[in-house]
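Contents: one structure, followed by commentary.
What follows is calculated from the coordinates using simple rules that are stated; it is not laboratory data. The model shown is predicted, which means the values in this text are computed figures rather than measured ones. Cβ placement follows ideal geometry from the backbone for every residue including glycine, while neighbour counts extend to all protein chains displayed.
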Amino acid sequence: MSEPNLRYSDVEDGLRASVRDLLADRADAATVLAHAESAEHDPGLWRALAELGATSLHVPEELGGQGAGYRETAVVAEELGASVAPVPFLGSAVLATAALLHVSQDDDARAALARLGSGEITATLVVPLSTWDSTPSVQLVDGGLVGTVRSVADARAADLLVVPAGGALHLVQASAATVTPVVSLDVTRPVADVEFTGSTSVALVGSAEDAVRAALLAGAGILASEQVGIAQWCLDTTVAYLKQRYQFGRPVGSFQALKHRLADVWQQLVLARAAARNAADALATGNDVEVAVSVAQSLCAAVAVHAAHECVQLHGGIGMTWEHPAHLYLKRAKADEIALGTPGRHRASLAHLVDLPG
Amino acid sequence: MTDLRDRVAALLAEHDPATTDRLDFLRARFDAGLAWVHFPEGLGGLGAPRGDQEIVDAALVAAGAPDNNPRRIGIGLGMAAPTILAFGTDEQRRRFLRPLWTGEEVWCQLFSEPGAGSDLAALGTRARRDGDDWVVTGQKVWTSTAHTARWAILVARTDPDVPKHAGMTYFVCDMTDPGVEVRPLRQITGEAEFNEVFLTDARIPDAHRLGAVGDGWRVAQTTLMNEWVAIGGRPMPREGGMAGVVAETWRANPERRTPEAHDRLLGLWVESEALRLAGIRLRQQLAVGSPGPEGSAMKLAFARLSQALSGLEVELLAEDGLRYSDWALTRPELVDFTGRDAGYRYLRAKGNSIEGGTSEILRNIIAERILGLPSEPRVDKDVPWKDLPR
């Protein structure tokens, strides 16, 4: 097995800088919080990301994308995690796109990918965001789709729904289904329930099971980079705060009891970043993908949650307020821990993959 | 790189490993600049990027060439050599580096003292000037390879009247000097991998001083930073360390598995794999000349994982976990954290969070130097060393 490339390339660093500039302009904490209040995504920011090419990096050029790869997509996910920007990146650019790429021999799939790549529409894969190894619940009854899927990410923003049912993927216009937003733990990536009552659809050629599997692997692998971005923001923000917050006549960051906790977060982040880069590289090369993704998910999910916990705690009272953005990261980190398989589910997958049976 | 491969080919052509004496081959490799390619020409290197070493090593391994048994001379390679390179005179570099690298001369490190562990800068071993020599008296501890070493890197106090960081000087000490006495230091595993070193009027010529008088702390920092690079720099296959040992125990003992142990094992296995990946990432960064500070994170994680994994293994072994191989005082030449039995691994791993900087000191360093957090108020900073409470 060849060694994975775990560095960031110069091109990837350049991409990161462009995305970071855009997010600094358009997704500062106050703006993100305002969107969170209304549980709306930010279509203007999404168009700007699409214009940068950041929403279709791993889509081949002949299918309307940028012809880069998952390594680059992961860098964007890191920056989006660090800003908790309310955009349908995971649902549209990662999950739905990966599922459609898997069946891209189908003309309708290719047409949908082209429209996604240009930023003209967004889509989502209609599975519960918590899915890792469960089976689809939507049925095909008399040629129409029937069933309800709870807690679907980025469904409210989606123009197009990609639905696994009856062994195939189906394309459904959002207007042909009932999308009901629910009050969500993660206020910057709210979920919605999606109900089909005999909805008309376009069935795509190819196995839904394989396409969903590919999408969940890509989603879980890229999510690890988002989690690294969340953890990095939590660490940076807490370090900055502890340098300027004085109690007992000293900056509180000079107390060992606090600085050791941040040193531990930093240490965990070093490991998490290596695991997340490895997952992105594995998705790009196709080498050892399942192990790489489950290692990254079981580690990065926990590291992001821990970093968010420390961020809230070490900010003291201000960290508990609605006004301070720490809660947006805590909510995202906790929801991400459930998303696409909890750490425990990924460890269970690894038990099989690396021959450590229970 | 083609040039590098040509040099390797030329070395192999002139000194066929199959017929050349091991030491002759190693000397020839050093003289060809293929020992450590990032060192300067004439000192075993070519002034090439550090990452090119992998090309050389791989080509020489493939040709069946002998190596310098780097694990036996780790302190020389990882700590003494970079310090001699950075602070040594031309004459010191020429005298010491070649036999250091070939392993003809083993090195040890005389830094820690019974009264100066984490607070290394408080050390009290005294060096007094006497003509062209320094006369050194004091006690050092936790010195691995002292009993086989020809030379030591030594930090001693040359001026007790200034604050602690300012009054130290760095020397190369001859371990065969009659004023140097080495005694084994038995540890919780039963064996004596380390030593206590007693210095009683040991003489060191001034020509064996590294760096300026009073600049010993700065020189020692170079040594210690390189220690972490060395610890973090080893490439490893998946399950190459303690995780692999425990995984094998797990696979071999299906009747001893419990759900709780399974969850712990998988969690530790994942972190060990991530630690391995972090090592690959660090090495890839080093290879392009942009080493990050990740080595200190890796040491922290390594210590924690070794201890948790080895503790889990003893539990898994149930009635066999109640036994121990041998408490006899032996003197291992090589330290193998994953060697011997589970009980040994468990006990030896306790040292991983103490040796080479305790995990607590490491967290201070990460917090202050990497994260830039303010230091604790320092009561000893401006006090002459001789007036410090002890």
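Here is how the numbers come out for the structure above:
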{"read-out": "Cα-derived Rg to Rh of chain A, Kirkwood definition", "value": "0.98"}
{"read-out": "Between segment A:251-296 and segment A:1-35, the alpha-carbon center distance in angstrom", "value": "17 Å"}
{"read-out": "Loop GluC sites (Glu not before Pro), segment A:291-358, which have at most 14 other Cβ atoms in a 10 Å radius of their Cβ (DSSP)", "value": "A:Glu323"}
{"read-out": "Point-to-point label distance, A:Gln244-B:Ala18, nm (Cα→Cβ direction, 7 Å offset)", "value": "7.1 nm"}
{"read-out": "Cα centroid separation, segment B:13-33 to segment B:262-286 (Å)", "value": "37 Å"}
{"read-out": "Alpha carbon Rg of the protein assembly as shown, scaled by the compact-globule rule 2.2 N^0.38 Å", "value": "1.09"}
{"read-out": "Two-decimal Rg to Rh for segment B:1-67 - Kirkwood Rh, Cα set", "value": "0.93"}
{"read-out": "Length added when fully stretched, A:Glu51-A:Val205, from 0.36 nm per residue minus Cα-Cα", "value": "52.4 nm"}
{"read-out": "Extension gain from A:Thr178 to A:Gln313, taking 0.36 nm per residue of separation minus the Cα-Cα distance", "value": "44.6 nm"}
{"read-out": "Dipole axis of the protein assembly as shown (+1 Lys, Arg; -1 Asp, Glu on Cβ), positive-most option in B:Gly279, B:Thr222, A:Gly219", "value": "B:Thr222"}
{"read-out": "B:Asp387 versus A:Glu120: modelled label distance in nm, points set 7 Å from Cα along the beta carbon direction", "value": "8.1 nm"}
{"read-out": "Calculated FRET efficiency for the pair B:Ile188/A:Asp10, C-beta based, R₀ 60 Å, to 0.05", "value": "0.75"}
{"read-out": "Share of alpha-carbon pairs per 10 Å distance bin for segment B:233-357, given as whole %", "value": "12, 41, 32, 13, 3, 0"}
{"read-out": "Fewest-first ranking of A:Val182, A:Val94, using other Cβ atoms within 10 Å as the exposure measure", "value": "A:Val182, A:Val94"}
{"read-out": "GluC sites (Glu not before Pro) restricted to DSSP loop in segment B:19-118 with at most 15 other C-beta within 10 Å", "value": "B:Glu104"}
{"read-out": "J(HN,Hα) series, segment A:290-297, from Karplus relation 6.51 cos²θ - 1.76 cosθ + 1.60, nearest Hz, glycine and proline x", "value": "5, 5, 4, 5, 6, 4, 5, 5"}
{"read-out": "5 angstrom amide H check on B:Leu43, placed H, neighbours 5+ away", "value": "none"}
{"read-out": "Label zone at B:Asp201 (point 7 Å along Cα-to-Cβ), backbone N below 16 Å, segment B:164-184", "value": "B:177-181"}
{"read-out": "Principal axes of segment B:183-277: Cα extent on each, largest first, Å", "value": "64, 32, 20"}
{"read-out": "Length released on extending from A:Ala39 to A:Asn287, taking residue separation times 0.36 nm less the Cα-Cα span", "value": "85.4 nm"}
{"read-out": "Nearby lysines by direct alpha-carbon distance to A:Lys243 (threshold 17 angstrom, same-chain neighbours under 8 apart not counted)", "value": "A:Lys259"}
{"read-out": "Label-to-label distance, nm, for residues given as B:Thr137 and A:Leu353 (7 Å Cα→Cβ offset)", "value": "6.4 nm"}
{"read-out": "Karplus-derived HN-Hα couplings along segment A:283-289 (A = 6.51, B = -1.76, C = 1.60, θ = phi - 60°), whole Hz, x at Gly and Pro", "value": "4, 6, 9, x, 8, 6, 5"}
{"read-out": "In Å, descending, principal axis extents of the Cα set of segment A:81-219", "value": "41, 29, 28"}
{"read-out": "With at most 16 neighbouring Cβ atoms within 10 Å, loop chymotrypsin sites (Phe, Trp or Tyr not before Pro) (DSSP) excluded, longest segment of chain B", "value": "B:1-323"}
{"read-out": "Residue-wise HN-Hα coupling along segment B:253-261, computed from phi with Karplus coefficients 6.51, -1.76, 1.60 (Hz; x: Gly, Pro)", "value": "10, x, 6, 9, 6, 10, x, 5, 5"}
{"read-out": "Under 5 Å, built H, 5+ apart or other chain: amide partners of B:Leu110", "value": "B:Ile153, B:Leu154, B:Val155"}
{"read-out": "Shape of segment A:71-137, Cα gyration tensor, a/c cut at 1.5", "value": "oblate"}
{"read-out": "Shape of segment A:210-353, Cα gyration tensor, a/c cut at 1.5", "value": "prolate"}
{"read-out": "Among A:Leu100, A:Gly117, A:Val149 - extreme Cα towards positive end, dipole of chain A, charges at beta-carbon", "value": "A:Val149"}
{"read-out": "Inter-chain shielding of A:276-283 (mean C-beta neighbours from other protein chains, 10 Å cut-off)", "value": "2"}
{"read-out": "Rounded FRET efficiency, nearest 0.05, which uses the C-beta distance separating B:Ile354 from B:Met236 and R0 of 22 Å", "value": "0.50"}
{"read-out": "Per DSSP, loop trypsin sites (Lys or Arg not before Pro) in segment B:260-352 with at most 14 further Cβ within 10 Å", "value": "B:Arg323"}
{"read-out": "Cα gyration tensor, segment B:25-146 - rounded (a/c under 1.5), prolate or oblate", "value": "prolate"}
{"read-out": "Centre separation in Å (Cα based) which lies between segment B:343-376 and segment A:98-164", "value": "49 Å"}
